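As structure tokens, the structure follows; a few thoughts come after it.
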Amino acid sequence: MEERNEIAEIDREEQLEKEHNIRRYLMKLHYIDLHPLNPDRFYEDEKRMAMKNGPKVPTRKDSQKDVGITLWLKIKSFFSEDARKKRDSLEEQAEEYYKENLELIMPRKIEYDKRCDQQYTFMRDQLKNGDRKEVIRFMKEVLYSDDFSVDGENRYEIDVSLDYLKDQSQLNVSYRIPNDYEIRVIPRYRQKINKADEAKFRIDIVKKVLLRIVTIIFLSDVDMNVQKIFLTGYLDYFDSSIGANEQKNVIQLKMDRTLFDKIDFEGVSVGDLYEKRIKPKMSEKLYLKEPVDLKEIK
């Protein structure tokens with residue numbers, strides 16, 4: 001019995017250590033493992049993928065396979081004169097076939113790659129010039145490629161819609177925030193936590209998620225298209241009264257690049273930043289009331 005108690009205590013300590021590590025991760029959620037998207041690399045990667053889908057450059061290996069040079073024939077040719085002669089004959093055919101294909105395909109491949117290069121160079125220039133469609137497309141990629149967790153284990157499922165107002169240099173972001181059950185609430189070491197404290201913990205995580213969004217947008221925006229962000233966080237939840245999912249805006253904030261450039265994200269108190277600088281609009285009793293009972297932010 002004593003041995004069992006010791007094992008249980010070890011398991012308990014390991015669980016507490018795991019939860020402590022997750023809590024530390026969540027407390028740094030606004031900047032931890034944040035990887036801004038470099039637009040030059042993004043368009044180069046897109047161009048490379050497009051080129052891969054173009055005309056395939058023939059190889060000698062493919063030509064040999066096409067004329068019937070199999071692995072078994074190659075092995076037999078070491079032991080059989082007839083097989084060796086057959087292989088030599090087929091290799092001559094394969095070489096001829098390879099050169100013919102190369103002569104046919106290479107001009108098409110060169111022309112296709114040239115068009116790809118022109119297309120993605122144009123798209124990159126469009127982003128530099130603040131083209132609305134291209135800014136939205138690039139920023140969607142920035143946000144959907146972000147990889148983080150609100151429970152310390154599973155990747156958060158991102159859903160976002162964007163609009164860009166070029167004349168105001170403003171990006172409007174509508175972003176799904178986590179439902180209460182998605183956020184892992186972890187109290188400080190061995191402390192008890194009540195429902196009000198749980199709600200505060202969840203709101204703190206949401207504030208960090210939204211700050212993370214602002215950060216990755218501004219850091220990825222090397223062309224300085226975005227000077228202001230208007231960010232709306234909404235809940236996507238099941239409403240049993242209509243038997244379908246509903247969306248409700250529950251938090252809104254604005255951030256401009258001037259304030260962003262002043263923030264030290266490792267040293268900042270997120271609570272003070274929101275209270276004294278950002279001052280968001282937020283539905284009262286978020287994470288205390290059911291989503292259907294929350295007042296929508298307009």
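The values are calculated or read from the model by the stated rules, or taken from the named source; none is laboratory data. Remember, predicted model here, so these are calculated numbers, not experimental data. Positions of Cβ are generated from backbone atoms using ideal geometry, with glycine treated the same way; all protein chains shown enter the neighbour counts. Each accessible area value is taken on the protein alone, full model and side chains, heavy atoms only, with ligands, DNA and RNA left out. Shrake-Rupley method; radii C 1.70, N 1.55, O 1.52, S 1.80 Å.
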* Net +/- balance of residues flanking Pro280 in space, Cβ distance below 11 Å, scoring K and R +1, D and E -1 -> +4
* In the structure displayed, which of Lys207/Lys276; Lys166/Lys279; Lys140/Lys262; Lys248/Lys289 lie more than 22 Å apart, Cα to Cα? -> Lys166/Lys279; Lys140/Lys262
* Asked: Considering only Val160, Leu253, Phe42, whose Cα is most displaced toward the positive end of the charge dipole of the chain, charges sitting on Cβ of Lys, Arg (+1) and Asp, Glu (-1)?
  -> Leu253
* Asked: For segment 124-196, what is the relative contact order in percent, using Cα pairs closer than 8 Å and at least 6 residues apart in sequence?
  -> 24
* To do: Report, to the nearest whole %, how much of the accessible area of the chain belongs to carbon and sulfur atoms, 1.4 Å probe, protein only.
  => 48
* Would you mind working out the accessible area per residue for the chain, using a 1.4 Å probe, and quoting it in Å²? => 62
* Asked: If we count every other residue with Cβ under 11 angstrom of Leu165's Cβ, Lys/Arg +1 and Asp/Glu -1, where does the sum land?
  -> +1
* **Helix 81-128 axis, angle to the chain major axis (alpha carbon atoms, nearest 10°)** => 40
* **Relative contact order of segment 140-274, pairs being alpha-carbon contacts under 8 Å that are 6 or more residues apart, as %** => 23
* Listed pairs Lys18/Lys281; Lys195/Lys254; Lys228/Lys298 exceeding 25 Å between Cα atoms -> Lys18/Lys281; Lys195/Lys254
* Structure fact -> Shape descriptor, segment 43-141: equivalent ellipsoid semi-axes (Cα gyration tensor, sqrt 5λ, whole Å, largest first) stand at 47, 14, 6
* Structure fact -> Residues of segment 220-257 with backbone N under 17 Å of the label point set 7 Å from the Cα of Lys285 along Cα→Cβ are 250-251
* **Among (i) 128, 51, 30; (ii) 86, 72, 45; (iii) 59, 50, 32, the entry derived from the coordinates for Cα extents along the principal axes in Å** => (ii)
* Which value in Å does the Kirkwood hydrodynamic radius of segment 172-298 take, with 1/r averaged over all unlike C-alpha pairs and then inverted? -> 15.9
* With a sphere of radius 15 Å drawn around the Cβ of Ser80, what net charge do the other residues whose Cβ falls strictly inside it have (Lys, Arg +1; Asp, Glu -1)? -> +3
* Descending semi-axes in whole angstrom, ellipsoid equivalent of segment 254-293, from the Cα gyration tensor -> 27, 12, 8
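Rounding to the nearest 20 debye, state how big the charge dipole of the chain is about its Cα centre with +1 on each Lys and Arg Cβ and -1 on each Asp and Glu Cβ.
Computed charge dipole of the chain: roughly 740 debye.
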* Asked: Normalised by the residues of the chain, what does the relative contact order come to in percent, with Cα pairs under 8 Å and at least six apart?
  -> 19
* Structure fact -> For Lys74, the aspartates and glutamates lying under 14 Å Cα to Cα, once residues fewer than eight places off in the same chain are dropped, come out as Asp82, Asp88, Glu91
